[in-house]
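Only one structure is covered here, and it is reproduced in the block below.
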Amino acid sequence: MQKKTKQNVYAAFIGEAKAYFRLLAYAEKADEEQESQIALLFRAIAEAERVHATRQLNLVKDLLVKDTETNLEKSFQREKSVSENTYPEFIKDAEDEGETLAALAFSHARDAESYHAKLYERAIYHVIKNVVKAYHVCQVCGYVTDKKVPKKCPVCGAPPEKFKTVGE
């Protein structure tokens with residue numbers, strides 16, 4: 001794929017993926033406001049945006065998705081970088097501007113991302129290979145564990161009922 005087209009396909013993928021999540025948020029708001037027909041419309045268009053994002057991802061998949069070992073290493077490096085570099089900057093900016101809710105959300109994300117990096121690192125060293133049957137994801141902050149659901153999320157303090165199980 002030529003350079004400009006590749007950049008455009010990737011940009012389109014990012015835009016469509018963002019639209020998917022934005023429209024789901026709009027649907028939730030419409031539901032809160034008892035606008036069920038509008039919520040349904042937002043969900044339908046969100047699904048269409050997901051289709052677009054998937055098609056565009058498939059066009060650049062060979063550029064983005066490598067062998068599993070490479071994908072693990074890249075994922076580990078990204079999580080490490082975002083938790084050690086990106087989120088600390090975001091937290092500082094939010095605190096400087098007095099945006100305590102944003103600072104808290106960034107802090108939770110930073111801490112959860114560092115746990116993600118540890119899980120990836122364990123996978124790289126084959127510590128979890130063929131052992132883990134399920135992961136548990138905190139729906140408040142994004143913390144992930146391969147152990148049993150904790151009594152309290154170590155990142156945000158959420159109770160066990162706030163965890164979603166992936167697997168099994």
Quiz item: By the scheme Lys and Arg +1, Asp and Glu -1, what is the net charge of all other residues having a beta-carbon under 12 Å from that of His116?
Solution: 0
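In the range 117-168, which trypsin sites (Lys or Arg not before Pro) are in a loop and have at most 13 other Cβ atoms within 10 Å, using DSSP for the loop call? Working shown, then result.
Numbers: sites: Lys118, Arg122, Lys129, Lys133, Lys147, Lys148, Lys151, Lys152, Lys162, Lys164; in loops: Lys129, Lys133, Lys147, Lys148, Lys151, Lys152.
Sites meeting the loop and neighbour criteria: Lys129, Lys133, Lys147, Lys148, Lys151, Lys152.
What FRET efficiency would be calculated for the residue pair Met1, Glu84, taking the C-beta separation as r and a Förster radius of 35 Å, to the nearest 0.05?
Working: r = 33 Å, r/R0 = 0.93.
According to the calculation, E is roughly 0.60.
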Quiz item: For His52 and Glu28, FRET efficiency with R0 = 25 Å and r from the beta-carbon atoms, rounded to 0.05?
Solution: 0.75
Quiz prompt | Cleavage-rule hits, GluC sites (Glu not before Pro), the range 40-146, DSSP coil, Cβ neighbours within 10 Å at most 16 | solution = Glu97, Glu99
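Explain nothing, just the number: dipole magnitude of the chain about its Cα centre with +1 on each Lys and Arg Cβ and -1 on each Asp and Glu Cβ, in debye rounded to the nearest 20.
On the way: 26 positive and 26 negative charges, 168 e Å.
Roughly 800 debye for the chain.
Taking K and R as +1 and D and E as -1, what net charge do the other residues with C-beta under 14 Å from the C-beta of Lys6 add up to?
Values: positive: Lys3, Lys4, Lys61; negative: Asp62.
Here the charged neighbours net out to +2.
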Exercise. Can you figure out the FRET efficiency of Glu73 with Asp93, using R₀ = 22 Å and their beta-carbon distance, to the nearest 0.05?
Key: 0.15
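Please compute the length gained on full extension between Glu35 and Gln139, using 0.36 nm multiplied by the number of residues separating them and subtracting their Cα-Cα distance. Provide the component values of the computation, followed by the final result.
Working: separation 104, 0.36 × 104 = 37.44 nm, distance 2.53 nm.
Value of the extension gain: 34.9 nm.
Want the number for His126 to Lys147: 0.36 nm per residue separation, take away the alpha-carbon distance, what's left? Working shown, then result.
Values: separation 21, 0.36 × 21 = 7.56 nm, distance 1.63 nm.
Extra length from His126 to Lys147 when fully extended: 5.9 nm.
Once you list every other residue whose beta carbon is under 13 Å from the beta carbon of Lys147, what net charge do they have if Lys and Arg are +1 and Asp and Glu are -1? Display every interim value, and only then the final one.
Details: positive: Lys118, Arg122, Lys133, Lys148, Lys151; negative: Asp146.
Its environment carries a net charge of +4.
Coordinate-derived values only; no laboratory data. Just so you know, these numbers come straight off a predicted model, no measurement behind them. Backbone-built Cβ (ideal geometry, glycine too); neighbour counts: all protein chains shown.
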